[in-house]
Amino acid sequence: MDKLIVHGNSTLKGTINISGSKNASLPILAATLLTDQPCIIRRVPDVSDTNYMLQILRALGADVERSSGTVRIQASKIISDAPYDLVRRMRASICVMGPLLARLGQACVSLPGGCVIGDRPVDLHLKGLKGLGANIDVEGGNMNFTAPNGLKGAEIDLRGKHGPTVLGTDNLMMAAVLAEGRTVIESAAGEPEVVDLAEFLIQMGANIEGAGSRRITIDGVSSLNAVDYTVIPDRIEAGTFMVAAAMVGEGVTLNRVNREHLTASTDVLQEAGHIVEFNEGGDKVTVHPGEVPQGCNITTAPFPGFPTDMQAQFTAMFATTPGISVIEDTIFPQRFMHCAEISRMGANIRVDNGTAIVSGVESLSGAPVMASDLRASAALVLAGLKARGTTEINRLYHIDRGYEHIDEKILQLGGSVERVRE
Ligand code: EPZ
């Protein structure tokens, strides 16, 4: 298992390119199952989650070629059973359900297991697919879907206890594009990754309106075409480096970003006293630390609100920001595993009932720490760069799930990190 040694008191300076979005790539890769025509997808990040998805597509029978960020997939002949061994490694594999069911009229996908960031049920995914007429049996840990007479468009409300569901909206949208008639998804997720999937499907010939709003309307078509598509920049990777730049930067510029996707993170950084400047086109951003940083309050919310996927990184920043910051995660109230680890480095954080209360301390000290999930690991890297001394981050595979070459990008900015292979 690799670990990352982060040398503290680092200063980051210079320019890096932001990679393509992991969370847009995953459903887009799954959507290639909807056609027997070749699909070319560009800027797919080389992270283990996208690699798992490609392995799943291969196991389903698709022909997959990858050459750095460009992936060519042709799902001429596919089977309907997603292999448990691959599916269990990544929750996002559930987004093959919609495409398999739409294309083949049946699908068998394992129920995802526990997840460290909290309970992650699939009831809304099932509600959506049932709404289109699928029969669902759960047996032996598998979800078996059948739609012997095809899927039929319907009006379906996907509102959940914690708001809209991103992959649930994706699954339903992917199933509905080949269903007969009109589907209306109410309380849909409006995240940029959902919009990117809709754009991809539209370029394949789907009829979709309203992606990005709470109501998506889909008119089914009988088949979809070949496509050549470039995924959007990763707003969470960009946000993570923006926070790094505010914590330990001396002018860090990020190329290939999208300003509209970064509003919530930008607003909090500015409120905390840091300087964030976009170029006119909004695809390049430079961040400088402010002279008098201050704590802030954050509440996560669906897009365009503050993303839960940036909560851990901002918690790391506020750990050494003067004042008290109150951070509430309404989407995943149990997603605070990083707090105990950052506290081992000297932070003063109290977690209570979905809320972290962070009292900024003057400095952190490096320590051996354990990565628990993807964004929690990113938070530990940020804390390690800021701390005195050396931080050893174990279980690095968590970060490799979603950050493309993070060690190389930090080195490129002048930070000092070493990947130790064991
Ligand atoms: C996506 O997960 C992202 N993953 C997550 O990013 C992200 O944290 C999450 O959306 C929220 O923005 C991918 O895109 C691959 P949800 P998803 O369904 O779609 C509840 C990262 O770090 N819910 O939008 O699985 C759920 O428990 C990852 O890159 C139900 O109740 O999340 C949560 O409270 C981690 N029933 C809320 O909805 C359901 O059937 C939102 O979850 C589904 C979800």
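The values are calculated or read from the model by the stated rules, or taken from the named source; none is laboratory data. Everything numeric here is computed off the predicted structure, so don't read it as measured data. For neighbour counting, all protein chains shown are included, and Cβ atoms are generated from backbone atoms with ideal geometry for every residue, glycine included. Heads up: the accessible areas ignore ligands, DNA and RNA and are worked out on the full protein's heavy atoms, side chains in. Shrake-Rupley method; radii C 1.70, N 1.55, O 1.52, S 1.80 Å.
Details
- Close pairs (9 angstrom Cβ cut-off, 6 or more residues apart or separate chains): over 14 Å from residue 57 (Cα atoms) and within 12 Å of the ligand (Cβ to nearest atom) in the range 86-105, among the charged types (D, E, K, R) and part of a loop (DSSP other than H, G, I, E, B) anywhere: 91/120
- Taken over the range 157-187, the criterion of being away from the ligand (no atom under 11 Å from the Cβ), open to solvent by less than 30 Å² (accessible area, probe 1.4 Å) and out of contact with any Asp or Glu (no Cβ under 7 Å at 6 or more places or on another chain) is satisfied by 173, 174, 175, 176, 177, 179, 183, 185.
- Selected residue (only one of 154, 82 is closer than 16 Å to residue 33 by Cβ and in contact with a strand residue (DSSP E or B) (Cβ under 8 Å, 6 or more places away or on another chain)): 82
- Filtered residue count, the range 362-392, keeping only those that are open to solvent by less than 40 Å² (accessible area, probe 1.4 Å) and either among the small types (Gly, Ala, Ser) or within 24 Å of residue 323 (Cα to Cα) (or both): 17
- Each residue in the range 169-227 was checked for being farther than 23 Å from residue 106 by Cα and among the hydroxyl-bearing types (Ser, Thr, Tyr), and 3 pass.
- Of the numbered criteria (1) open to solvent by 70 Å² or more (accessible area, probe 1.4 Å); (2) outside the structural domain of residue 335 (by TED's automatic domain parsing), the one residue 217 fails is (1).
- Residue count, the range 300-345 (criterion: within 11 Å of the ligand (Cβ to nearest atom), open to solvent by 30 Å² or more (accessible area, probe 1.4 Å) and either more than 23 Å from residue 214 (Cβ to Cβ) or not assigned by TED's automatic domain parsing to the domain that holds residue 359 (or both)): 1
- Entirely in the range 245-361, the helices (runs of 4 or more DSSP H) that have 1 or more residues that are aromatic (Phe, Trp, Tyr) and closer than 30 Å to residue 196 by Cβ: 311-319
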